[in-house]
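The values are calculated or read from the model by the stated rules, or taken from the named source; none is laboratory data. From a predicted model like this one, the values you see are computed outputs, not experimental measurements. Reconstructed Cβ throughout: ideal geometry from the backbone, glycine too, with neighbour counts over all protein chains shown.
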Amino acid sequence: MSRRCFGRLGARLPGPADAAFLDALYLDARPDLGALPVPRSVIEGIARHQRRLQVEDYARRYPLCETWLLLEEERPVARVVLDRSGGVLRVVDLSVAASARRRGVARTVLHALQEEGTAMALRVLTVNAAARALYAKLGFTLQRSEPAALELGWNRGQNE
């Protein structure tokens, strides 16, 4: 199994045994689903289906993308999806489990990627104030604004 590190975090490729963690992670990132007035089992089914659609969408839009489970003490705490095509490292998705938030997981991953020195790009929802604040602290700058999301970029030469 392929392994790597992102700073203090270990990482490995996800496998079939990780489906429950990935489903829960998807649901953690979608509080709107959790607020639906339906039984929890229905919400979980919707989340599983939408996660599968997301995986298919990423594979179609970023055919060379890499997906890594991020580990603390060998326990998954997050997932990062990276696309290295086109000369820019795109952070397609960075999702941290609710139980691991506010512990520096996302900062550690992004800082490790910045250490590679490759120009980076990512999108963030305009309503995600915590992520936007983190990206600003790490030197990401606005490249393009859309109604619901911002396209941010980072380049070592521009941020030193």
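When you look at Ala119, is it among the hydrophobic types (A, V, I, L, M, F, W, C) and more than 25 Å from Leu22 (Cα to Cα), yes or no?
Taking the combined requirement at face value, the residue satisfies it.
Restricting the search to the range 115-134, which residues are more than 23 Å from Asp32 (Cα to Cα) and either acidic (Asp, Glu) or buried (at least 18 other Cβ atoms within 10 Å of the Cβ) (or both)?
Answer for the range 115-134, where residues must be more than 23 Å from Asp32 (Cα to Cα) and either acidic (Asp, Glu) or buried (at least 18 other Cβ atoms within 10 Å of the Cβ) (or both): Glu115, Glu116, Met120, Ala121.
Residue by residue, here is whether (1) touching an Asp or Glu at 6+ places or on another chain (Cβ under 8 Å); (2) in a loop (DSSP other than H, G, I, E, B); (3) within 21 Å of Thr67 (Cβ to Cβ); (4) in contact (Cβ under 8 Å) with a residue 60 or more places away in the chain holds:
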site	(1), (2), (3), (4)
Val92	yes, no, yes, no
Ser95	yes, no, yes, yes
Arg107	no, no, yes, no
Ala112	no, no, yes, yes
Thr118	no, yes, yes, no
Ala121	yes, no, yes, no
Arg132	no, no, no, no
Arg144	yes, no, no, no
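Here are Ala24, Ala17: which of them is of a type in the set (Gly, Ala, Ser) and either touching a residue at least 40 places away in the same chain (Cβ under 8 Å) or surrounded by 10 or more Cβ atoms within 10 Å (Cβ to Cβ) (or both)?
One residue alone meets the criteria, Ala24.
List the residue pairs whose Cβ atoms are under 6 Å apart, where the first residue sits in the range 79-90 and is over 15 Å from Phe140 (Cβ atoms) and modelled with pLDDT of 95 or more, the second is not aliphatic (A, V, I, L, M) and not in a loop (DSSP other than H, G, I, E, B), and the two are 6 or more positions apart or on different chains.
Final answer for the pair search is Arg79/Ser95; Val80/Trp68; Val81/Tyr58; Val81/Thr67; Val81/Asp93; Leu82/Glu66; Asp83/Arg90.
Test Arg60 against the criterion of being of a type in the set (Lys, Arg) and assigned to a strand (DSSP E or B), and give yes or no.
no
Regarding the range 40-62, can at least one residue be identified that is in contact (Cβ under 8 Å) with a residue 40 or more places away in the chain, within 24 Å of Arg101 (Cα to Cα) and of a type outside the set (Ser, Thr, Tyr)?
No, because not a single residue in the range 40-62 is in contact (Cβ under 8 Å) with a residue 40 or more places away in the chain, within 24 Å of Arg101 (Cα to Cα) and of a type outside the set (Ser, Thr, Tyr).
What number of residues within the range 14-54 satisfy the criterion of being outside any helix (DSSP H, G or I), under 19 Å from the mean Cα position of the chain (by Cα) and over 26 Å from Glu74 (Cβ atoms)?
1
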